[in-house]
Amino acid sequence: MSKAKAKAKQVKGKMKETTGKAMDDQGMQAEGRGEQIVGKTQETAEKAADRVKRTGR
């Protein structure tokens, strides 16, 4: 997964969380927070992989 796709997942999760708040839907809020966490984790993994590639290890 690319950093851009990971960031897009974070944005999608934030939108879902915000929509859930507006609709008073706790399930949707939790799902959105979960997507944000997954996106942040994927982005961090991509950054780490990039660092490893740059150092040649």
task: Within segment 1-9, identify whether any single residue is outside any helix (DSSP H, G or I) and touching a helix residue (DSSP H, G or I) at 6+ places or on another chain (Cβ under 7 Å), and answer yes or no.
output: yes
field: Any hit, segment 5-18, residues being small (Gly, Ala, Ser) and either without any contact (Cβ under 8 Å) to a residue 24 or more places away in the chain or touching a Leu at 6+ places or on another chain (Cβ under 6 Å) (or both)
entry: no
query: Taking residue 19, is it among the hydroxyl-bearing types (Ser, Thr, Tyr), in a helix (DSSP H, G or I), within 15 Å of residue 1 (Cβ to Cβ) and under 18 Å from the mean Cα position of the chain (by Cα)?
result: no
message: Condition first: open to solvent by less than 100 Å² (accessible area, probe 1.4 Å) and over 19 Å from residue 1 (Cα atoms). Now tell me which residues in segment 34-57 satisfy that.
response: 55, 56
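The values are calculated or read from the model by the stated rules, or taken from the named source; none is laboratory data. These numbers were taken from a predicted model, which means no experiment stands behind them. Reconstructed Cβ throughout: ideal geometry from the backbone, glycine too, with neighbour counts over all protein chains shown. Keep in mind that these areas ignore ligands, DNA and RNA; they rest on the heavy atoms of the full protein, side chains included. Shrake-Rupley method; radii C 1.70, N 1.55, O 1.52, S 1.80 Å.
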